[in-house]
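Below you'll find the structure, written out as structure tokens, and then a few comments.
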Amino acid sequence: MHGGLFSEDGVTLDDIRKIERNRQPPDSGPMCDLLWSDPQPQNGRSVSKRGVSCQFGPDVTKAFLEENNLDYIIRSHEVKAEGYEVAHGGRCVTVFSAPNYCDQMGNKASYIHLRGSDLRPQFHQFTAVPHPDVKPMAYASTLLHLGMM
């Protein structure tokens with residue numbers, strides 16, 4: 001998932017599968033929550049600092065995982081200094097794969113390799129590399145001629 005868990009209890013994987021994805025995201029509801037919610041360290045839910053969806057605590061994560069027979073969730077959507085963060089007692093993993101986000105955050109990035117029959121996450125970190133000395137959109141005219149834009 002991109003964001004996280006839900007504003008309401010009882011959401012199942014079947015509910016997620018039924019979401020109509022070929023549309024603009026709504027301002028509330030399960031699709032909105034999947035995109036924009038964030039974990040918080042304290043139990044319960046609170047209003048999101050983003051102004052949309054909610055923040056969810058370890059108890060919400062635990063209930064969702066138990067309801068759906070899952071071990072953990074993997075999400076993104078938040079810059080993490082080390083490129084990833086394991087929260088909620090190991091049940092909520094955030095992985096962020098854009099190093100030095102917006103050329104100013106100085107963060108590492110990471111990806112996850114799920115290993116073994118228990119799909120244990122193994123984290124791989126990386127840092128930003130210098131940008132090539134190419135003007136933005138320098139290749140756009142070539143792509144236009146190829147019909148790719």
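Every read-out reported here was derived from the displayed coordinates using simple, explicitly stated rules and does not represent laboratory data. The shown structure was predicted, so the numbers you read here are calculated from the model rather than taken from an experiment. Note that each Cβ is placed from the backbone with ideal geometry, even for glycine, and that neighbours are counted across all protein chains shown.
Assorted remarks:
- Highest to lowest packing among 4-11, 100-107, scored as the average C-beta count within 10 Å: 4-11, 100-107
- From phi via Karplus (6.51, -1.76, 1.60), per-residue ³J(HN,Hα) for segment 73-88 in Hz, x at Gly/Pro: 10, 10, 9, 9, 6, 9, 5, 10, 3, 9, x, 7, 8, 10, 10, 6
- Measuring nothing but how far apart in sequence close Cα pairs (under 8 Å, 6+ apart) lie, relative to its length, the chain scores a relative contact order of 16 percent.
- Nearest 10 degrees, 0 to 90: helix 58-68 Cα axis against the chain principal axis: 80
- Values (1) 31, 21, 16; (2) 22, 16, 16; (3) 24, 20, 14 are given for comparison; semi-axes √(5λ) of the Cα gyration tensor in Å, derived from the coordinates here, is the one labelled (1).
- Theoretical ellipticity at 222 nm over the chain - DSSP helices of four or more residues, -39500 (n - 2.57) apiece, nearest 500: -5000 deg cm²/dmol
- Amide proton proximity set for Cys92, modelled H, under 5 Å, gap of 5+: Ile73, Ala87
- Across Pro30, Pro136, Pro99, mean-square fluctuation computed from a Gaussian network of the chain (C-alpha pairs under 10 Å connected) peaks at Pro136.
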